[in-house]
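> Here it is, the structure in full.
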Amino acid sequence: MGFFASVNGEITPAELSRVSVLDNGFLFGDGVYETLRTYGGRPFHLDRHLERLRRSARRLAIPLPDGDGGLTHDVDALLRRAANSESYLRIIVTRGAGDASYRFDRVKGPTLVMLAKPYEPLPDRYYTEGVPVIVSSVRRNHPRALDPAIKSCNLINNILATQEAQAKGAMEPVLLNETGEVAEGAGSNVFLVKDGALVTPPLEAGILPGITRQVVVELAKGLEITVREEPVAVKDLLAADEAFITSTLKEIVPMATVDGAPLGRGRPGPITLRLLEAFRAYARRHSR
């Protein structure tokens, strides 16, 4: 059991793993990644995560081998070596090692790094009591500058917003897009409930197409909960009956307060809890 890394297929304890200081991922943030967790020791929707990894890599013109067989083999080998009861898993693909310039023709790659460590669940009280969030003063990157749909290794936008949230005692920042509409959290997607309907910003708001986000939409429709993907104003969030954030690591976390003010009744609502129960059952069934 422990924290292990695979670098181009070579597995070592994470603290002994090595990537060149000339790697473009280190020098320029020139890479893409996916974060997963396991249920029952198996990664949740590895297929969807690898599909999104490929989309991100294509946007940066980083080549990946055809087919997922090699990536899946490396994931399985790393998880076996780590031997954790449940694991946090991160897959990183960079352009490779060059000469500390923008001469991409000199880069040899790609570099494939995978990390596996024991999964640390969030405190139970986050799910039973809800968490504080803030509306961040940091705006989400404009899609024509750095498209949030690319899950890139350049996370300064998220870091700045998260630092602001932590300084204010919040668990997650909610970022607005360039028009002032709700986009997403620093590491999550945002949902709200109003009059029994589930509402979430559309992909066109400039957000990451979250794996958990999509699963929640699918589950809600299966539970005959009305789902609307539409622009969300800050006033809509503040006036919501319930709201929650979603991500692979967080699952579904209810919001209790926004900028210090109670959201709805200030505790997890019935639709949020119903979806959390449905999601956890789904996750156990769809981990390979």
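> Excluding ligands and nucleic acids, what accessible area in Å² is computed for Thr200 using a 1.4 Å probe, to the nearest 10?
0
> Any chance you could check the Cα centroid distance between region 223-244 and region 2-66 for me, in angstrom?
About 33 Å separates the Cα centre of region 223-244 from the one of region 2-66.
> So how exposed is His142, as accessible area in Å² (1.4 Å probe, rounded to 10)?
Probe radius 1.4 Å; accessible area of His142 about 70 Å².
> Rounded, prolate or oblate: which fits region 73-167 when a ≥ b ≥ c are the square roots of the eigenvalues of the alpha-carbon gyration tensor, with rounded for a/c under 1.5 and prolate only if a/b beats b/c?
In terms of gyration-tensor shape, oblate.
> How big is the Kirkwood radius of the chain, worked out from every pair of different alpha carbons and given in Å to one decimal?
19.8
> Okay, moving on. Arranged from highest to lowest average of other beta-carbon atoms within 10 Å per residue, in what order do the peptides 147-158, 204-215 appear?
204-215, 147-158
> Okay, moving on. Decide, for region 133-251, between rounded, prolate and oblate: order the square roots of the alpha carbon gyration tensor eigenvalues as a ≥ b ≥ c, take rounded if a/c falls under 1.5, and otherwise choose prolate if a/b is larger than b/c, else oblate.
Working: a/c = 1.62, a/b = 1.41, b/c = 1.15.
Since a/c reaches 1.5 and a/b is larger than b/c, the shape of region 133-251 is classed as prolate.
> Give me the number: length gained by fully extending Thr12 to Arg265, i.e. 0.36 nm times residue separation minus the C-alpha to C-alpha distance, one decimal in nm.
On the way: separation 253, 0.36 × 253 = 91.08 nm, distance 4.87 nm.
Gain on extension, Thr12 to Arg265, equals 86.2 nm.
> Something else about it: Roll a 1.4 Å probe over the protein heavy atoms and report the accessible area of Phe26 in Å², nearest 10.
Number for this one is 150 Å².
> Let me ask another. Need one number: nm distance between label points at Val227 and Glu120, each 7 Å from Cα along Cα→Cβ, rounded to one decimal.
3.2
> Step through the residues of region 213-228 one at a time and calculate ³J(HN,Hα) from phi using the Karplus curve (6.51 cos²θ - 1.76 cosθ + 1.60, θ = phi - 60°), rounding each to whole Hz and writing x for Gly and Pro.
The phi angles translate into 3, 5, 5, 4, 4, 5, 5, 4, 5, x, 8, 6, 8, 4, 10, 10 Hz.
> Describe numerically, in nm with one decimal, the distance between label points set 7 Å from Cα along Cα→Cβ at Thr72 and at Glu86.
2.4
> Which order do Lys250, Lys168 take when ranked by solvent-accessible area (1.4 Å probe, heavy atoms of all protein chains), largest first?
Descending order: Lys168, Lys250.
The values are calculated or read from the model by the stated rules, or taken from the named source; none is laboratory data. All of these numbers come straight from a predicted model, not from anything done at the bench. Because the Cβ atoms are built from the backbone with ideal geometry, glycine has one as well, and the counts that use them run over all protein chains shown. Please note that ligands, DNA and RNA were not included when accessible areas were found on the heavy atoms of the full protein model with its side chains. Shrake-Rupley method; radii C 1.70, N 1.55, O 1.52, S 1.80 Å.
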